[in-house]
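Here's the structure we're looking at; comments come further down.
The values are calculated or read from the model by the stated rules, or taken from the named source; none is laboratory data. All values reported here derive from a predicted model rather than from experimental measurement. So basically every Cβ, Gly included, is an ideal-geometry build from the backbone, and we count neighbours across all protein chains shown.
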Amino acid sequence: MMDMSGQQVCQTSYYIFREIYLYLKKYQKNMKRITIIFLLTGIIIASCKSGTKKTANEVLQVKHFEITEAWRTDTLLLTPESVIFDNKRDIFYVSNLNNEPRLKDGNGFISRVDKNGKIVDLRWIEGLSSPKGLAISGDTLFAADIDEVVAMDINSGRIIKKISVQGAALLNDITTNPDGILYISDTDANRIYVYDKGVISVWFDEQLNGLNGLLWDNDRLLVASQGSNDFAAIDLKSKNRQLITDGINHGDGIAWTGIPGYYIVTDWEGEIFMINPDSTAVSLLRTKDQGINSADIEYLRDMNLLLVPTFYRNSLVAYNLAEKKVNQ
């Protein structure tokens, strides 16, 4: 059977109805039928004309970007994994694994770094093991730490409590919504936990393969995975998972650019991608060949700064994001 495009079907239907109309008119057949055929023909003509318009995807002009280094910290950090900006205090917090990502050794800590890349307080909060993803809710800083979520008071710089997560294997990233509800990824157990009103429970545990980065995005949760090497979205109400793109290798950090449809996603091994509205992934920077990792990121739209922890290279690097002019 021959395949026909929508436009071809439209045109064929038009010609058929036109011939019927002309026949009935020529031989003075039922005028009511002639009127109906005339109206149908008009509708089809209008449909054909509207069908010649390009769809939203066809007219979409994908933007092109590039990043350039703005600054980098000294290499005093110890296996930095995640970074988050505190708007209220105008400071960055950086989680330091201090070598072992799965070992409960108590040597992990949180650092403070200013907006110019100066390490203000290297060991600001100590007493963690292998802190990774960070989130802020009010005056509380949260860190995912192997099998527990650590809550820290920002004003005093002290640990408030450690929330044990039953069945957790490797808690990795945290994201929060405006109401302070936390979502936590478990890379090894392939689960997403939710922490709400002091209670932590399993929120999602299907179609996950080595998930890592999380980002709350209004009515959905964005997920970057290092097992399935993909970037996906989970509807917060229906919990339906939709693949956005694959081929990002060891998916780690996620950040929104502030431009609708454009997200930055990192490959932990050392590559930074721009995910476009058409679901294509474009490499902005590749550092894996130099052995430089790109872990859990933060992007500040007001300052146009993309912050990337380099993990084993023990530094935090800031980049400026700019749109490239591409000749058509």
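Quick look at the numbers
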item: Per-region count, region 286-316, residues under 22 Å from ILE174 (Cβ atoms) and part of a strand (DSSP E or B); result: 9
item: Wholly within region 64-171, strands (runs of 3 or more DSSP E) carrying at least 2 residues that are free of Cβ contacts under 8 Å to residues at least 40 places away in the same chain; result: 91-96, 108-113, 119-128, 140-145, 148-153, 158-164
item: Some residue of region 285-303 being out of contact with any Phe, Trp or Tyr (no Cβ under 6 Å at 6 or more places or on another chain), surrounded by fewer than 19 Cβ atoms within 10 Å (Cβ to Cβ), under 16 Å from ILE84 (Cβ atoms) and of a type in the set (Asp, Glu); result: yes
item: Test: residue in region 24-31 that is crowded, with 16+ Cβ neighbours inside 10 Å and either touching a Phe, Trp or Tyr at 6+ places or on another chain (Cβ under 6 Å) or at pLDDT below 95 (or both); result: yes
item: Residues of region 169-190 classified as in contact with a Gly (Cβ under 8 Å, 6 or more places away or on another chain) and more than 21 Å from SER95 (Cα to Cα), total; result: 2
item: Subset of region 270-284 [crowded, with 21+ Cβ neighbours inside 10 Å and not in a strand (DSSP E or B)]; result: GLY270
item: Qualifying positions in region 189-234 - closer than 22 Å to ASP278 by Cα, in a strand (DSSP E or B) and of a type outside the set (A, V, I, L, M); result: GLY213, TRP216, ASP217, ARG220, SER225, ASP230, PHE231
item: Which listed residue, of SER164, SER201, SER156, SER95, is among the small types (Gly, Ala, Ser), modelled with pLDDT of 95 or more and either under 24 Å from ALA255 (Cβ atoms) or touching a Gly at 6+ places or on another chain (Cβ under 7 Å) (or both); result: SER95
item: Cross-chain or 6+ apart pairs with Cβ under 6 Å, region 206-221 first and more than 23 Å from TYR262 (Cα to Cα), then at pLDDT 95 or above and basic (Lys, Arg); result: GLN207/ARG241
item: Region 172-188: number of residues that are outside any strand (DSSP E or B) and among the β-branched types (Val, Ile, Thr); result: 2
